[in-house]
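Trainee: Please read through the structure below; I'll follow up with questions.
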Amino acid sequence: MATTTPAVTEPDNADASPPSPTSPPSKKVMYELAARNIYYAKPTAAPRSLAQLLKPCGAAPTPPDYILRDVSLTARAGEILAVVGPSGAGKSTLLDILAARTAPTHGRLLLNSAPLRPSSFRRLSSHVPQADVALTLLTVSETFAFAASLLHPESESAVSAAVTALLVDLRLAHVAHTRVSPARLSGGERRRVSIGLALLRNPAVLLLDEPTSGLDSSSAHVVVSCLRAVAAARGTTVVFSIHQPSARLLSAVDCLLLLSRGTVLHHGSLASLDAALLSHGLVVPAQLNPLEFALEVLDQLPHPTPSTPEPKATTQELNSSSSHHKMVATATPSTGPPSSWLHELMVLYKRAWKVVYRSKQLLLTNFLEAVVVGTLLGTIYIHAGYGEAGAHKRLGLFAFTLTFLLTSTTETLPTFVTERPIVLAETAAGLYRLSSHAAAGTLVFLPYLLAVALLYSVCVYFLVGLCSSAGAFASFVLVVWAVVLTANSFVLFVSSFAPDYIAGMSLVSVSLAGFFLFSGYFLSRGSMPSYWVFMHYVSPYKYALDALLANEYTCAGNRCFGVGGGSECSQTGLDVLVEKGLTAEERWTGVQVLFGFFLLYRVLYWVVLSRRASRAKR
């Protein structure tokens, strides 16, 4: 095959064995990552056109559209391998395959000459995506400290030492107390934060998808210099993709893999690339380095003719190296998150409280809305009194109260949607369990929304002149609290699958409108078509409205809400309950059902995110 790629030989198994008994206890096992004859084809789509559907059964199948063809490489411990090529060359696809995030169509991945097992490899490697994923309301040191606390639960001193060393190694000490926000950190500094989060796991193999993308030359140089230092000091195998590195960046790279149209044009050092270009009669100009020149003359370089894809390794071939594979696997970290569930809950609870406390706009919005709307409604329905007018005012007040409460928590949707990719990335990396994340968020919002409910209730209850009983007021606060908790959980559930904030807001608005329509305020259950009755029972509005009405009219059971022909009372509070088909127990039933909705939406949020996280691990 005509190619400038030097012959690739199978690596020796020198690095596969664990440290010998005479080695220092802290000595790290080093790993050599190799790929052999990797092919990757686009997944076959379902037939869409009529011609495809009517295609004869015996017709030859459409040949696969390969993104990668016959790619072989070797990345050695303590060295940096840069995957270089123009846009569309297959760099990101190759990196996903090397990170065991995507399975190749054909070919093999080897770790210290043994077949690579994806589940084991993910535990000893780290993958840094192109997009930076970190909570922007935490500082750099806090971001590292929370991650280190989850990875090293046994000692606070170890956490502090790890964070301090990382800040120094990544040249981030001067911004240690600066928030990880695009407005406060440069692109290069945020990229180094993402790299630092990966390094906290002390990975044997570090893979990065275009870590210098979008950075200026100075920031890019700092990022690559930090990677160079990490590879040398820790013996880490570093592989990253890059679009077009400068000569300054290439000085930190040990080996290059030049891709074009999914095939390998060169695998070796920069000096060997210069020699390969000369062998094809291409002289590198003085003002360019060999790689820059090679990228300019890609069309003039001979592209290799791919060989026939190898079938995947047979069971016999895999078993032949099973003893070696077991040796490699024993050096990998243990399965599952490193912390206990309770420790994860405590760390994530502290982190969530810090994020909520620093969300000044969210705090002000929720508390100001509760005070302003509560006071406004209180002054509109002030001294509602009794009689038929008082009954109508109470019904209008309760209906508007529910509308406000169920829509007031939508402000949290942007926060939830923004945090979702961070949570998925952290759980996919094994930092913590999704269940501990969901439980921590629940524990944070319980007291937070109780404060919102109490503020609103104090502002509206006494101005309107609702039943003057301590028990009735406490029940009113409990119902309001259950309503805002249900709304918060529903928004959280929608955020787990909504593609973006706009789509999420649309879905929340339509759903809440439907809940209100079938609550029984506009149309009683008996007046609904039979095929829509089920919506009446899945509407949180129904149970909240019933609970508020039952609470008020049970307390004011002997008050008069209707006068007959004379001066005699024709309808008491208890009569109003009977007319509406309610009983005194409805307030407790409604609260229980609302808390059931609260837990149900939280569980559904956990189920959806668990599903998405499991897909990310495949």
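Trainee: From a point 7 Å beyond the Cα of residue 382 in the direction of its Cβ, which residues of segment 454-478 have a backbone N at a distance under 20 Å?
Mentor: 456-468
Trainee: Would you please give the FRET efficiency between residue 271 and residue 454, computed as 1/(1 + (r/R0)^6) with r the Cβ-Cβ distance and R0 = 56 Å, to the nearest 0.05?
Mentor: Details: r = 72 Å, r/R0 = 1.29.
The pair residue 271/residue 454 has a calculated efficiency of 0.20.
Trainee: Can you pull the semi-axes for segment 341-617, root of five times each eigenvalue of the Cα gyration tensor, sorted largest first, whole Å? Intermediate results must be reported in sequence, preceding the final value.
Mentor: Numbers: eigenvalues 294, 79, 47 Å².
Value: 38, 20, 15 Å, ordered largest first.
Trainee: Put a dot 7 Å past each Cα toward the Cβ at residue 368 and residue 531; how far apart are the dots in nm?
Mentor: Reported label-point gap for residue 531 and residue 368 is 4.7 nm.
Trainee: On to the next question. Could you work out the helix-only [θ] at 222 nm for the chain, with each DSSP H run of four or more residues adding -39,500 (n - 2.57) and the total divided by the number of residues, to the nearest 500 deg cm²/dmol?
Mentor: Values: 23 runs with 323 residues, N = 618.
Rounded to the nearest 500, it is -17000 deg cm²/dmol.
Trainee: If you don't mind, there's one more thing I want to ask. Toward the positive end of the charge dipole of segment 341-617, about the Cα centre and with charges on Cβ (Lys, Arg +1; Asp, Glu -1), which of 593, 366, 425 goes farthest?
Mentor: Final value for the positive-end residue is 425.
Trainee: Number of Lys pairs in segment 341-617 with C-alpha atoms less than 24 angstrom apart, excluding same-chain neighbours closer than eight positions?
Mentor: Details: 350/360; 393/542; 393/580; 542/580.
Close lysine pairs under the 24 Å cut-off: 4.
Trainee: Then there is this: With +1 assigned to the C-beta of every Lys and Arg and -1 to the C-beta of every Asp and Glu, and no other charges, what is the dipole magnitude of segment 341-617 about the Cα centre in debye, to the nearest 20? Present the calculation step by step, with values, prior to reporting the outcome.
Mentor: Working: 19 positive and 14 negative charges, 221 e Å.
The dipole of segment 341-617 has a size of about 1060 debye.
Trainee: Okay, moving on. Round to the nearest 10 and give me the degree value, 0 to 90, for the angle of helix 140-151's Cα axis relative to the longest principal axis of the chain.
Mentor: Result, in degrees: 90.
Trainee: Ok, one more. Check each of the trypsin sites (Lys or Arg not before Pro) in segment 88-159 and keep only those in coil by DSSP with at most 13 other C-beta atoms within 10 angstrom; list them in order. Mind showing how you got there, number by number?
Mentor: Numbers: sites: 91, 101, 108, 122, 123; in loops: 101.
The qualifying sites: there are none.
Trainee: Given points 7 Å out from each Cα along the Cα-Cβ axis, report the residue 217 to residue 340 separation in nanometres with one decimal.
Mentor: Spacing of the two 7 Å Cα→Cβ label points: 5.5 nm.
Trainee: Is there a quick way to get the dipole size of the chain? I mean about its Cα centre, with the Cβ of Lys and Arg at +1 and of Asp and Glu at -1; what is the value in debye to the nearest 20? Please list the in-between numbers first.
Mentor: Details: 47 positive and 38 negative charges, 105 e Å.
It comes to approximately 500 debye.
Trainee: Pop the C-beta distance of residue 588 and residue 422 into the FRET formula with R0 = 41 Å and round what comes out to the nearest 0.05. Numbers along the way, then the final one.
Mentor: On the way: r = 39 Å, r/R0 = 0.95.
The pair residue 588/residue 422 has a calculated efficiency of 0.55.
Trainee: Just in segment 510-590: which GluC sites (Glu not before Pro) are loop by DSSP and have at most 14 other Cβ atoms within 10 Å? Each step should come with its number before you reach the end.
Mentor: On the way: sites: 552, 568, 579, 585, 586; in loops: 568, 585.
Counting only loop positions with at most 14 other Cβ atoms within 10 Å, the GluC sites (Glu not before Pro) in segment 510-590 are 568, 585.
Trainee: When only Cα pairs under 8 Å and 6 or more residues apart are kept, what is the percent relative contact order across the chain? Kindly include the intermediate steps, with their values, before the conclusion.
Mentor: Details: 950 pairs, mean separation 93.7, N = 618.
Computed value for the chain: 15 percent relative contact order.
Trainee: Okay, next question. Taking 0.36 nm per intervening residue step and subtracting the Cα-Cα distance, what contour gain separates residue 103 from residue 155 on full extension? Write out the running numbers ahead of the final one.
Mentor: Details: separation 52, 0.36 × 52 = 18.72 nm, distance 3.79 nm.
Extra length from residue 103 to residue 155 when fully extended: 14.9 nm.
Trainee: Can you tell me the length gained on complete extension of the stretch residue 176 to residue 579, counting 0.36 nm per residue apart and subtracting the Cα distance?
Mentor: 138.6 nm
Trainee: While we're looking at this one, here's another question. Could you work out the relative contact order of segment 100-194? I mean the mean sequence separation of Cα pairs under 8 Å and 6+ apart, divided by the number of residues, in percent. Don't skip to the end; give the middle numbers.
Mentor: On the way: 66 pairs, mean separation 27.4, N = 95.
RCO, segment 100-194: 29 percent.
Trainee: If you don't mind, there's one more thing I want to ask. Based on the Cβ-Cβ distance from residue 168 to residue 443, what FRET efficiency comes out when R0 is 41 Å, to the nearest 0.05?
Mentor: Working: r = 35 Å, r/R0 = 0.85.
Efficiency, from the Cβ-Cβ distance: 0.70.
Trainee: In nm, what is the difference between 0.36 nm times the number of residues separating residue 42 and residue 502 and their Cα-Cα distance? Before the final figure, lay out the partial values.
Mentor: Details: separation 460, 0.36 × 460 = 165.60 nm, distance 3.09 nm.
Full extension of this stretch gives 162.5 nm more.
Trainee: Quick one: angle between helix 341-358 and the longest Cα principal axis of the chain, in degrees between 0 and 90, rounded to 10, please.
Mentor: 70
Each reported figure results from applying straightforward, stated rules to the coordinates on display, with no laboratory input. Predicted model, so just to flag it, every value in this text is computed and none were measured. Note that we place each Cβ from the backbone using ideal geometry, even for glycine, and neighbour counts take in every protein chain shown.
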